[in-house]
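Asks: Provided herewith is a single structure, encoded as structure tokens, for subsequent inquiry.
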Amino acid sequence: MFYIGLFITYIFISNIVLTQFLGLCPFIGVSKSSESAIGMGMAVTFVMALASIITYLVYHFLLVPLNLTYLQTLSFILVIASLVQFVEMVIQKNSPSLYQALGIFLPLITTNCAVLGIALINITEGYTFMQSFTAGIASGIGFTLAIVLMSNIREQLDMAPVRKSFKGVPIAFISGGLMALAFMAFDKALLANLLG
Amino acid sequence: MNILFAFIIIGSLGLLLGLGLSVAAKKFAVQKDVVAEEILEILPGANCGACGFPGCAGYADALSKGTTENGLCSPGGAQTVEDIASILGIAAGEAQEKMVAFVHCTGHAAVSKRDFHYEGLDSCSAAHLLFKGEASCKYGCHHLGSCIDVCPVDAIHRNELGNIVVDPEACIGCKKCTLVCPTNVIKMIPYRGSHAVACNNHDKGGVVRKICEVGCIACNICAKKFPESGCVVEDFLSHCDYSKPDTQIAEAAAACPTKCIVEAH
């Protein structure tokens, strides 16, 4: 039951983009077409799940025993950057077609603060290994949901009569803000009702 | 002491990850096609798609595998074809003749009639959906410039009269503008052609006269009086047949009553 709650929490209630405002760069930058948005969403989900596991291990088996927990941000960035590089190499070797499809998005994830964000949230919330992994996957799905919704809105916006001064990124940010307002309907009370 | 400890831990963590990555880079090294990379360097890199492949990399790949033929790159011209042939070790063969886009219409708003005033999306295909555009002539240019937007080399621009014109020197012959044009008024002509008939209207002469001052009225003067001009009148529209001699084309252009035979460059 707790895991279902985690899923609902990180997909809807504290959606990484729309509630915590992390990962806004790809949210605006890669949401011009739904095709690339889905690609980016899947890549981020994959990296988030892996990063959650590895940062958990680094934190609990390296930093905590050595009393160096204040180095968590630095070491997490180090780990995530190398992880993304490694994932890129493996995908390029084993699945060139997927590599072509993801293209520039893969290395871009290195600088995606949402990945670092969920790693740090896992620590502050004190999650166990499985809980961290679940939170990582759920946040990735939440990110995918937000960016895919956004890309569909932006595809419609391209045909809409938008004032010149609002065209492009400004109207995208306004739409994103309205989406975030809509996501406020998902709150802790809803979760309590759902799970009893 | 604490600082030193932190320094060592982060340093060794970074070193470990770096070593791991360099080992992985060796292990997962992807063999790249040397020939394809060499060809890719020669290709113009415009990624225009004129060859029918997704970008220059796609064409270079296919060339190195031998699944396609040399000479499909129109922006590169003869020099590129020769260079590629020398890399592949095959005879150069003949490069395709350089073709450039030409807008077969000079009917800007001052010289041609309008049925109504179009106000809407700044896109030719959107304007075309509404009674095939605001101009009375349904064959001509909408003058909204969707072709300007798709041109990868900025060869298309609007002149002071409001007509859309293609710069034949800059045009690389990728045909993107001909695909985006809803009236097909942009057609490819050989670069060597000095003149072109700037009209696309297949209506009878009387109809054309009423709606446009610069349209072809199919009077046959160019074809009959100047047999060496290369002009052919078909379906109430004159056009230049570039496979024929065109020694008299300048005189035919001067004699054209609506002056719709214009210099191509």
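Asks: Starting from segment A:57-69, keep only residues that are within 8 Å of chain B (Cβ to nearest Cβ), then list their pairs with residues that are outside any helix (DSSP H, G or I) whose Cβ atoms are within a distance under 9 Å, requiring at least 6 positions of separation or different chains.
Replies: Sorted first by the residue in segment A:57-69, then by its partner, the pairs are A:Leu62/A:Leu68.
Residue by residue, here is whether (1) within 29 Å of B:Ser123 (Cβ to Cβ); (2) at pLDDT below 90; (3) more than 15 Å from the chain's Cα centre (by Cα) holds:
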site: B:Asp167; (1), (2), (3): yes, no, no
site: B:Lys176; (1), (2), (3): yes, yes, no
site: B:Thr183; (1), (2), (3): yes, no, yes
site: B:Gly205; (1), (2), (3): no, yes, yes
site: B:Ala218; (1), (2), (3): no, yes, yes
site: B:Lys224; (1), (2), (3): no, yes, yes
site: B:Glu228; (1), (2), (3): no, yes, yes
site: B:Glu234; (1), (2), (3): no, yes, yes
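Asks: Select from segment A:76-99 the residues that are of a type outside the set (A, V, I, L, M) and either on the phi > 0 side of the Ramachandran plot or at the interface with chain B (Cβ under 10 Å from one of its Cβ atoms) (or both) and list them in ascending order. Lay out the reasoning, then the answer.
Replies: Just the residues of segment A:76-99 that are of a type outside the set (A, V, I, L, M), to begin with: A:76, A:82, A:85-86, A:88, A:92-97, A:99.
Listed by number, the residues that qualify are A:Ser82, A:Gln85, A:Phe86, A:Glu88, A:Gln92, A:Lys93, A:Asn94, A:Pro96, A:Tyr99.
Asks: Shifting gears a bit: Enumerate the pairs (first residue in segment A:157-168 and of a type outside the set (D, E, K, R); second residue anywhere and part of a helix (DSSP H, G or I)) with beta-carbon separation below 8 Å, excluding pairs fewer than 6 apart on the same chain, so at least 6 apart or on different chains.
Replies: Pairs that qualify, where the first residue is of a type outside the set (D, E, K, R) and the partner is part of a helix (DSSP H, G or I), are A:Leu157/A:Ile171; A:Leu157/A:Ala172; A:Leu157/A:Ser175; A:Val162/A:Ile171; A:Phe166/A:Ile174.
Asks: So which residues in segment B:61-76 are free of Cβ contacts under 8 Å to residues at least 60 places away in the same chain and buried (at least 17 other Cβ atoms within 10 Å of the Cβ)? Talk me through it step by step, then tell me what you get.
Replies: Restricting attention to segment B:61-76, the residues satisfying the condition of being free of Cβ contacts under 8 Å to residues at least 60 places away in the same chain are B:61-73, B:76.
Result: B:Asp61, B:Ala62, B:Leu63, B:Ser64, B:Asn70, B:Gly71, B:Leu72, B:Cys73, B:Gly76.
Asks: What number goes with the only condition from (1) part of a loop (DSSP other than H, G, I, E, B); (2) touching a strand residue (DSSP E or B) at 6+ places or on another chain (Cβ under 9 Å); (3) of a type outside the set (Asp, Glu); (4) farther than 30 Å from B:Tyr59 by Cα that B:Gly193 does not pass?
Replies: Single failed check for B:Gly193: (4).
Asks: Show the residue pairs that are 6+ apart or on different chains and have beta-carbon atoms under 6 Å apart, the first residue being within segment B:11-37 and under 24 Å from B:Asp61 (Cα atoms), the second being among the small types (Gly, Ala, Ser) and surrounded by 10 or more Cβ atoms within 10 Å (Cβ to Cβ).
Replies: Cβ pairs passing all conditions: B:Asp33/B:Ser64; B:Val35/B:Ser64; B:Ala36/B:Ala60; B:Ala36/B:Ser64.
Matching residues to (1) more than 26 Å from B:Gly55 (Cα to Cα); (2) assigned to a helix (DSSP H, G or I):
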site	(1), (2)
B:Cys147	no, yes
B:His157	no, no
B:Glu160	yes, no
B:Glu169	no, no
B:Thr183	yes, no
B:Cys199	yes, no
B:Asp203	yes, no
B:Ala223	yes, yes
B:Glu228	yes, yes
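Asks: Let me ask another. Determine which single condition B:Val30 fails, assuming it passes every other condition in (1) within 14 Å of chain A (Cβ to nearest Cβ); (2) surrounded by 13 or more Cβ atoms within 10 Å (Cβ to Cβ).
Replies: Only one criterion in (1) within 14 Å of chain A (Cβ to nearest Cβ); (2) surrounded by 13 or more Cβ atoms within 10 Å (Cβ to Cβ) is unmet by B:Val30, namely (2).
Asks: Just give me the residues in segment A:41-54 being in contact with a Ser or Thr (Cβ under 8 Å, 6 or more places away or on another chain) and crowded, with 19+ Cβ neighbours inside 10 Å, in sequence order. Write out each step before concluding.
Replies: As a first pass, look at segment A:41-54 and keep what is in contact with a Ser or Thr (Cβ under 8 Å, 6 or more places away or on another chain): A:41-42, A:44-45, A:48, A:52-53.
Of everything in segment A:41-54, those that are in contact with a Ser or Thr (Cβ under 8 Å, 6 or more places away or on another chain) and crowded, with 19+ Cβ neighbours inside 10 Å turn out to be A:Gly41, A:Val44, A:Thr45, A:Met48, A:Ser52.
Asks: While we're on this one: So which of B:Val35, B:Val81, B:Val23 is within 14 Å of chain A (Cβ to nearest Cβ), hydrophobic (A, V, I, L, M, F, W, C) and over 30 Å from B:Ile261 (Cα atoms)? Walk me through how you get there before you give the answer.
Replies: Numbers: B:Val35 fails: within 14 Å of chain A (Cβ to nearest Cβ); B:Val81 fails: within 14 Å of chain A (Cβ to nearest Cβ).
That would be B:Val23, the only listed residue that is within 14 Å of chain A (Cβ to nearest Cβ), hydrophobic (A, V, I, L, M, F, W, C) and over 30 Å from B:Ile261 (Cα atoms).
Asks: Being within 16 Å of the chain's Cα centre (by Cα), part of a helix (DSSP H, G or I) and either within 14 Å of chain B (Cβ to nearest Cβ) or of a type in the set (Lys, Arg) (or both) narrows it down to one residue among A:Thr134, A:Thr73, A:Thr110, A:Thr144; which is it? Show your work before the answer.
Replies: Numbers: A:Thr134 fails: either within 14 Å of chain B (Cβ to nearest Cβ) or of a type in the set (Lys, Arg) (or both); A:Thr73 fails: within 16 Å of the chain's Cα centre (by Cα); A:Thr144 fails: either within 14 Å of chain B (Cβ to nearest Cβ) or of a type in the set (Lys, Arg) (or both).
When all the criteria are applied, what remains is A:Thr110.
Asks: Follow-up. What's the number of the only condition in (1) crowded, with 20+ Cβ neighbours inside 10 Å; (2) closer than 20 Å to B:Asp241 by Cβ that B:Ile221 fails to meet?
Replies: Result: B:Ile221 fails condition (1) only.
Asks: Restrict the check to segment B:103-120 and report whether at least one residue is within 14 Å of chain A (Cβ to nearest Cβ) and of a type outside the set (Asp, Glu). I'd like the intermediate steps shown before the answer.
Replies: Taking segment B:103-120 and keeping what is within 14 Å of chain A (Cβ to nearest Cβ), we get B:119-120.
If we keep only those that are of a type outside the set (Asp, Glu) as well, we get B:120.
Yes, that holds for at least one residue.
Asks: Scan segment B:197-220 and tell me whether some residue there is over 17 Å from B:Ser112 (Cβ atoms) and of a type in the set (Val, Ile, Thr).
Replies: No: segment B:197-220 contains no residue that is over 17 Å from B:Ser112 (Cβ atoms) and of a type in the set (Val, Ile, Thr).
Asks: Residues in segment A:181-189: is at least one surrounded by 16 or more Cβ atoms within 10 Å (Cβ to Cβ) and assigned to a loop (DSSP other than H, G, I, E, B)? Lay out the reasoning, then the answer.
Replies: Filtering segment A:181-189 for residues surrounded by 16 or more Cβ atoms within 10 Å (Cβ to Cβ) gives A:183, A:186.
With the extra rule that they be assigned to a loop (DSSP other than H, G, I, E, B), the set shrinks to A:186.
So far as segment A:181-189 goes, yes, one or more of its residues are surrounded by 16 or more Cβ atoms within 10 Å (Cβ to Cβ) and assigned to a loop (DSSP other than H, G, I, E, B).
Asks: Does segment B:45-60 contain any residue that is crowded, with 19+ Cβ neighbours inside 10 Å, more than 19 Å from the chain's Cα centre (by Cα) and either more than 10 Å from every other protein chain (Cβ to nearest Cβ) or basic (Lys, Arg) (or both)?
Replies: Looking through segment B:45-60, at least one residue is crowded, with 19+ Cβ neighbours inside 10 Å, more than 19 Å from the chain's Cα centre (by Cα) and either more than 10 Å from every other protein chain (Cβ to nearest Cβ) or basic (Lys, Arg) (or both).
Asks: Next up: Among the candidates A:Ser34, A:Ser52, which residue alone is away from chain B (no Cβ under 14 Å), modelled with pLDDT of 90 or more and under 17 Å from A:Thr144 (Cβ atoms)?
Replies: Details: A:Ser34 fails: modelled with pLDDT of 90 or more.
Residue meeting the stated conditions: A:Ser52.
Asks: Is at least one residue of segment A:12-24 closer than 23 Å to A:Pro107 by Cβ, part of a helix (DSSP H, G or I), in contact (Cβ under 8 Å) with a residue 60 or more places away in the chain and among the small types (Gly, Ala, Ser)?
Replies: For segment A:12-24, residues closer than 23 Å to A:Pro107 by Cβ, part of a helix (DSSP H, G or I), in contact (Cβ under 8 Å) with a residue 60 or more places away in the chain and among the small types (Gly, Ala, Ser): absent.
Asks: Only one residue in B:Asp115, B:Asp61, B:Asp83 is among the acidic types (Asp, Glu) and in the same structural domain as B:Lys259 (by TED's automatic domain parsing). Which one? It would help to see each step written out before you state the result.
Replies: Numbers: B:Asp61 fails: in the same structural domain as B:Lys259 (by TED's automatic domain parsing); B:Asp83 fails: in the same structural domain as B:Lys259 (by TED's automatic domain parsing).
Every option except B:Asp115 fails the conditions.
The values are calculated or read from the model by the stated rules, or taken from the named source; none is laboratory data. Please read these numbers as outputs of a predicted model, since none were measured by experiment. Cβ coordinates were reconstructed from backbone atoms using ideal geometry, including for glycine residues, and neighbour counts include every protein chain displayed.
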